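Scroll down for the structure; my scribbles are underneath it.
The values are calculated or read from the model by the stated rules, or taken from the named source; none is laboratory data. What you see is a predicted model, and the numbers here were worked out from it, not measured in a lab. Counting neighbours? That spans all protein chains shown, and the Cβs are built from the backbone with ideal geometry, glycine included. Accessible surface is based on the protein model in full, side chains and every heavy atom, while ligands, DNA and RNA are left aside. Shrake-Rupley method; radii C 1.70, N 1.55, O 1.52, S 1.80 Å.
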Amino acid sequence: MNDRSSSLGRQLLRAPVALAALLLLLALVTASLAAQWLAPQNPYDPASYDIMDAQIPPLWLTGGDPRFLLGSDGQGRDILSIILHGSRISLLIGLGAVAVQALLGIVIGLCAGYGSRWLDDLLMRLADVQMSISTLMIALVALALAQSLLPAEHYQHHVPLLLILVIGLAEWPQYARTLRAAVLAEKQLAYVEAARLLGFSQRRILLRHLLPNTLSPLLVISTVQVASAIMSEAALSFLGLGMPITRPSLGALINSGFELLLSGAWWISIIPGLTLVLLILCINLLGDWLRDALDPRHGGHAP
């Protein structure tokens, strides 16, 4: 493991685009985690902002105010502060959703790849059905139903957990199908047959032998899925079914400024939108590099 980690580290140093993406991503993540200390304002505390400060442009534009480096939104909240706090929410939901789909997908993929033929067929047909329905459609139906059944206060309080569960449960087939294919290839190798002959239990063979040797493609999928989950959360928040405006994520902030876009207050939607694009771009660039670095057909060298 140490040799592989050091090899990946050397390859990363020779890939300037991936290295720049990693450094920028680390900066964004660090800033979002330290939002309560770095943000000039607490956008979740109504006492910290004033409606009279609404729609102040960024500092470099005419009418800018030094208190609002990136301007203010329609409620007088500092855009920079909302971006810092909102990025943390978006990352939390993205990582949480990937954890849910990875856990479910790994269990199903191991069972399908190592189990009997009928179990494999059943699980893969379920995956086919799941993949035929878009994540956004599943999430729209589930969140609209939850919004209608739960009181408004309860829904707003639990909406991050609901988003994690809905997005996670909708995307598990990506992990399941990839892991199943890897397990089908690995279980034909000699070390698995040797483990069977030694009398090891199926659980030990799956968890101690097969799973560790099939993790590389899952790492690559995880980077792509984190970006996808963040985009799904942003889309749902933009449609009004995600984070409430009192606790905005990047998607909710883009939505809050959309109606003011044509009136000239473009910074409320555009600046958070660019932040979202930058965040997803960094994750995707790292995913592309990791895919090539772990792929033996590329000789283990990232571009």
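For the stretch 7-18, how many residues are in a helix (DSSP H, G or I) and open to solvent by 50 Å² or more (accessible area, probe 1.4 Å)?
4
Take the residues in the stretch 171-190 that are open to solvent by 10 Å² or more (accessible area, probe 1.4 Å) and within 19 Å of the chain's Cα centre (by Cα), then tell me which one is farthest from Leu91 (Cα to Cα).
Restricting to residues being open to solvent by 10 Å² or more (accessible area, probe 1.4 Å) and within 19 Å of the chain's Cα centre (by Cα), the top hit is Thr178.
Would you check which residues across the stretch 254-294 are modelled with pLDDT under 85, more than 23 Å from Gln225 (Cβ to Cβ) and part of a helix (DSSP H, G or I) and list them?
If the condition is that a residue be modelled with pLDDT under 85, more than 23 Å from Gln225 (Cβ to Cβ) and part of a helix (DSSP H, G or I), then Asn255, Ser256, Gly257, Phe258 are the ones that fit.
When the stretch 143-161 is examined, which residues are found to be open to solvent by 40 Å² or more (accessible area, probe 1.4 Å) and modelled with pLDDT of 85 or more?
From the stretch 143-161, those open to solvent by 40 Å² or more (accessible area, probe 1.4 Å) are 144-145, 147-154, 156-158, 161; that's our starting set.
Selection gives Leu145, Leu161.
Name the residues in the stretch 116-158 that are in contact (Cβ under 8 Å) with a residue 12 or more places away in the chain, small (Gly, Ala, Ser) and over 19 Å from Gly96 (Cβ atoms), would you?
Ala127, Ala144
Regarding Val141, is this residue more than 19 Å from Val224 (Cβ to Cβ) and over 26 Å from the mean Cα position of the chain (by Cα)? Before the answer, list the steps.
Details: more than 19 Å from Val224 (Cβ to Cβ): yes; over 26 Å from the mean Cα position of the chain (by Cα): no.
Taking the combined requirement at face value, the residue does not satisfy it.
Within the bounds of the stretch 26-33, is there any residue that is open to solvent by less than 30 Å² (accessible area, probe 1.4 Å), more than 30 Å from Pro173 (Cβ to Cβ) and modelled with pLDDT of 90 or more? I'd like the intermediate steps shown before the answer.
Taking the stretch 26-33 and keeping what is open to solvent by less than 30 Å² (accessible area, probe 1.4 Å), we get 31-32.
Now restrict to residues that are more than 30 Å from Pro173 (Cβ to Cβ): 31.
So of that shortlist, the ones also modelled with pLDDT of 90 or more come out as 31.
Within the stretch 26-33 (the criterion being open to solvent by less than 30 Å² (accessible area, probe 1.4 Å), more than 30 Å from Pro173 (Cβ to Cβ) and modelled with pLDDT of 90 or more), the answer is yes, since at least one residue qualifies.
When the residues of the stretch 59-77 are narrowed to those that are part of a loop (DSSP other than H, G, I, E, B) and under 17 Å from Ser256 (Cα atoms), which ends up modelled with the lowest pLDDT?
Residues of the stretch 59-77 part of a loop (DSSP other than H, G, I, E, B): 59-71, 73-77.
Filter once more, keeping what is under 17 Å from Ser256 (Cα atoms): 70-71, 73-77.
Numbers: Leu70: 90, Gly71: 88, Asp73: 86, Gly74: 82, Gln75: 85, Gly76: 86, Arg77: 89.
Here the answer is Gly74.
Can you name every residue in the stretch 30-55 that is among the aliphatic types (A, V, I, L, M) and touching a helix residue (DSSP H, G or I) at 6+ places or on another chain (Cβ under 9 Å)?
Going through the stretch 30-55, the residues among the aliphatic types (A, V, I, L, M) turn out to be 31, 33-35, 38-39, 47, 51-52, 54.
Within the stretch 30-55, Ala31, Leu33, Ala34, Ala35, Leu38, Ala39 meet the criteria.
Given the conditions (1) crowded, with 22+ Cβ neighbours inside 10 Å; (2) without any contact (Cβ under 8 Å) to a residue 12 or more places away in the chain, and given that Ala47 satisfies all but one, which numbered condition is not satisfied?
Single failed check for Ala47: (1).
Considering only the stretch 231-252, I want to know if a residue exists there that is of a type in the set (D, E, K, R), touching a residue at least 24 places away in the same chain (Cβ under 8 Å) and farther than 24 Å from Met137 by Cβ. Explain how you work it out, then say what you get.
Residues of the stretch 231-252 that are of a type in the set (D, E, K, R), as a first pass: 233, 247.
With touching a residue at least 24 places away in the same chain (Cβ under 8 Å) added as a condition, the list becomes 233, 247.
After this cut, where a residue has to be farther than 24 Å from Met137 by Cβ as well, the list is 247.
Looking through the stretch 231-252, at least one residue is of a type in the set (D, E, K, R), touching a residue at least 24 places away in the same chain (Cβ under 8 Å) and farther than 24 Å from Met137 by Cβ.
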